[in-house]
1. Residue by residue through the stretch 107-126, note down the ones that are loosely packed, with under 15 Cβ neighbours inside 10 Å and over 19 Å from ILE167 (Cα atoms).
2. If you scan the stretch 338-352, which residues turn out to be surrounded by 13 or more Cβ atoms within 10 Å (Cβ to Cβ) and over 18 Å from the mean Cα position of the chain (by Cα)?
3. List every residue pair whose Cβ atoms sit under 7 Å apart, with the two residues 6 or more apart in sequence or on different chains, where the first one lies in the stretch 105-131 and is in the same structural domain as ALA154 (by TED's automatic domain parsing) and the second, anywhere, is of a type in the set (Ser, Thr, Tyr) and part of a helix (DSSP H, G or I).
4. Let me confirm something: among ASP97, ASP101, which residue is touching a His at 6+ places or on another chain (Cβ under 6 Å) and assigned by TED's automatic domain parsing to the domain that holds LEU23?
5. Yes or no: the stretch 24-39 includes at least one residue that is part of a helix (DSSP H, G or I), under 30 Å from ARG133 (Cα atoms) and out of contact with any His (no Cβ under 9 Å at 6 or more places or on another chain).
6. Among the residues that make up the stretch 145-156, is at least one of them polar (S, T, N, Q) and touching a residue at least 40 places away in the same chain (Cβ under 8 Å)?
7. Would you check which residues across the stretch 226-270 are among the β-branched types (Val, Ile, Thr) and either farther than 18 Å from GLU187 by Cα or part of a helix (DSSP H, G or I) (or both) and list them?
Amino acid sequence: MKKICFFSGDITRCGGTERAASLIANGLAGTGTYQVMVLSLVEQNAAPFFPLLPSIERRVLRGGGRWIPPGPGALTYLPKLRRFLRREAVSVLVDVDLVLDALSLPAAAGLPTKIVSWEHFHLDFERQTLYRRIAARLAVRFSDYLVTLTPRDAENYREKLGRRKNIQWIYNPLPPELPAWGSGQREPLLVTAGRLEPVKGADLLARLAPSILLRHAGWRWLVLGEGSCRDALEEAARRYGLEDRLLLPGTVLDVANYLRRAALYVQASRTESFGMGLLEALACRTPCVCFDVPYGPAEMIRSGVNGFLIPPFDLEDMEEKISLLIENSSLRERLREKTATGLDKFQLGPILDKWDRLLKQL
């Protein structure tokens, strides 16, 4: 039986990368065709935020829970990773973030272990820092397979870095339970989920949310997540007397519980590699308003059909579209009726089939 190991920076975190990796790992383990393991560079929590099947063994390279910043310091773990690959006789190591290739590719040199580089961002993002540029070059040159999240990003790797063979795009999957959770009465509620960081546009939300809430009495906005912009959002709520309407419950496990109550989902990210929040909102039959940034939103949103794509980063246009939907319940309902359009391609079954074919090819 092939032994597949997913290599993560920290599988216990609560991000979209970890959620997607957990879904694919669980799905492959559930087929009974593969022996599946998860290896983390470090684990900062006692258990994964997204549960793994009991049959999936978890290992960690560095104990103690202290984060290892990407860069030269992480290279000291090369020998330990190589010993792990040899001892466990790993058939395929799936790097759950391209930057891990800087460790896995040299560690696996000369071993029978195949390396799959799973791009969880996009090529433009990888080019923003030196260590990620190096990792992307290593992946293109030496990995046995390169997986991107969207067709557009796969084309970028072909055109800009010359990766021609053993590259394909595979969407991240919907959690299988979400599509059944789309019914029920909607509240006058907007929801945003994600890290409270500038890359996710949390600072833009601190400007946008007060304008919307002051304009529309009776509506609330829930911003789910934690991060460095929390203070800016809290300050905005205090300044405009919105403490009971601009709500920050922190990181929550059951995001779908909020999405299925919400009238609208809003995302103000400056960049997205895919956008699991958008996908889950649509599965919960919640219309979306988001910036049309590379690369994920346009894969899911048809502007004017199941939501609105806003030119980046036009806060005035976003405010007007949100206000239009708040004020026009019949338009909201028409968009809601179309939220399931095109979701079949994001179902777990077909996506697992793609992974299965890839692994068998290796």
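1. Within the stretch 107-126, ALA109, GLY110, LEU111, PRO112 qualify.
2. LYS338, THR339, ALA340, GLY342, PRO350, listed by residue number.
3. Every condition considered, the pairs that remain are ILE115/SER104; HIS120/THR17; LEU123/TYR157.
4. ASP97
5. yes
6. Yes, the stretch 145-156 contains at least one residue that is polar (S, T, N, Q) and touching a residue at least 40 places away in the same chain (Cβ under 8 Å).
7. Of everything in the stretch 226-270, those that are among the β-branched types (Val, Ile, Thr) and either farther than 18 Å from GLU187 by Cα or part of a helix (DSSP H, G or I) (or both) turn out to be THR251, VAL252, VAL255.
Matching residues to (1) under 16 Å from the mean Cα position of the chain (by Cα); (2) of a type in the set (Phe, Trp, Tyr):
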{"site": "PHE121", "(1), (2)": "yes, yes"}
{"site": "GLN128", "(1), (2)": "no, no"}
{"site": "ILE134", "(1), (2)": "no, no"}
{"site": "VAL140", "(1), (2)": "no, no"}
{"site": "VAL147", "(1), (2)": "yes, no"}
{"site": "THR150", "(1), (2)": "yes, no"}
{"site": "ALA154", "(1), (2)": "no, no"}
{"site": "GLU159", "(1), (2)": "no, no"}
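The values are calculated or read from the model by the stated rules, or taken from the named source; none is laboratory data. Computed from a predicted model, the values in this text were never measured in an experiment. For neighbour counting, all protein chains shown are included, and Cβ atoms are generated from backbone atoms with ideal geometry for every residue, glycine included.
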